[in-house]
1. Go through (1) in a helix (DSSP H, G or I); (2) open to solvent by less than 70 Å² (accessible area, probe 1.4 Å) and name the single condition residue 5 misses.
2. Six or more apart or on different chains, Cβ under 7 Å: which pairs go from a residue in the stretch 43-58 that's free of Cβ contacts under 8 Å to residues at least 24 places away in the same chain to one that's open to solvent by less than 70 Å² (accessible area, probe 1.4 Å) and outside any helix (DSSP H, G or I)? Could you list them?
3. In the stretch 12-66, what residues are over 13 Å from the mean Cα position of the chain (by Cα), open to solvent by 80 Å² or more (accessible area, probe 1.4 Å) and among the aromatic types (Phe, Trp, Tyr)?
4. Given the conditions (1) in contact (Cβ under 8 Å) with a residue 12 or more places away in the chain; (2) in contact with a strand residue (DSSP E or B) (Cβ under 7 Å, 6 or more places away or on another chain), report the number of the one that residue 30 does not fulfil.
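The values are calculated or read from the model by the stated rules, or taken from the named source; none is laboratory data. What you are looking at is a predicted structure, and each value in this text was computed from that prediction instead of being measured. Here the Cβ is made from the backbone with ideal geometry for all residues, glycine too, and neighbour counts use every protein chain on show. For accessibility, only protein heavy atoms count, side chains too; no ligands or nucleic acids. Shrake-Rupley method; radii C 1.70, N 1.55, O 1.52, S 1.80 Å.
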Amino acid sequence: MPLDITLFGVQMPTLLPIFVIATVVQILLDRIMSDGGLYNHVWHPGLFRTAVFVCLFTTPCLLIYR
């Protein structure tokens, strides 16, 4: 995959759309996990949220830039 993509004539790094998609998925997962009461069983919810986002962001990045 190329390191840059062109969207409506604007070149941007491939990481930008991945970041946006990971953010949207994180928001949806956060809503599901908070409604399900998962955060009551987690020691530090903010740290858990950050770790989930890092996993969601780095997995496609590692697959693309391999």
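1. (1)
2. Matching pairs, first to second residue: 48/42.
3. Those that are over 13 Å from the mean Cα position of the chain (by Cα), open to solvent by 80 Å² or more (accessible area, probe 1.4 Å) and among the aromatic types (Phe, Trp, Tyr): 43, 65.
4. Among (1) in contact (Cβ under 8 Å) with a residue 12 or more places away in the chain; (2) in contact with a strand residue (DSSP E or B) (Cβ under 7 Å, 6 or more places away or on another chain), the lone unmet condition for residue 30 is (2).
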